[in-house]
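Written below as C-alpha cells is the structure these notes are about.
The values are calculated or read from the model by the stated rules, or taken from the named source; none is laboratory data. Since the model is a prediction, treat every value here as computed from it, not as a measurement. Virtual Cβ from ideal backbone geometry, glycine too; neighbours counted across all protein chains shown.
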Amino acid sequence: MMQFLPSAPKNDPPALKKRITSKPVADCYDAIRSKRSYKTAIPHPETCALILQDSGKHFDPAVTAVFSKIEDRFREVWNQMSTVPEQLGTD
C-alpha cells in the first residue's frame with residue numbers, strides 16, 4: 001500500500017492545508033502548468049484532471065478531495081503570479 005505524508009488527526013484543517021500545499025500537489029500543479037523547453041504549458045482544467053486522476057496513486061485521497069473543492073484558488077494564484085501569461089499557460 002502506498003504511504004502518503006505523515007497523517008494528522010482527522011478534522012485538523014491546518015495539517016490538511018499543509019499537506020495540500022506540500023511538495024506533491026502544489027509542485028505537480030506548477031510543473032504541469034508551466035511551459036518548459038521540452039513541453040508546452042497545460043491549461044488549468046487539464047492540470048486538475050491529471051492531479052485528480054492520480055488520487056490514491058500518487059496523491060493522498062484526502063488531499064485531492066480538498067484540492068477538487070479549491071482548484072479555482074490554484075488558478076487565481078497562478079494567474080496572479082504569472083508575469084508573462086502567454087509563456088506560463090494562463091487561461
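With respect to being under 21 Å from SER82 (Cβ atoms) and not acidic (Asp, Glu), ALA49 fits the description. Here is the figure for segment 18-61: residues that are surrounded by fewer than 16 Cβ atoms within 10 Å (Cβ to Cβ), at pLDDT below 70 and in a helix (DSSP H, G or I) total 3.
If you go through segment 62-91 and keep only what is at pLDDT below 90, of a type in the set (Asp, Glu) and surrounded by 14 or more Cβ atoms within 10 Å (Cβ to Cβ), you end up with just ASP91.
Which members of segment 32-44 meet the condition of being over 11 Å from the mean Cα position of the chain (by Cα) and in contact (Cβ under 8 Å) with a residue 24 or more places away in the chain?
Filtering segment 32-44 down to residues over 11 Å from the mean Cα position of the chain (by Cα) leaves 34-43.
SER34, LYS35, THR40, ALA41, ILE42, PRO43, listed by residue number.
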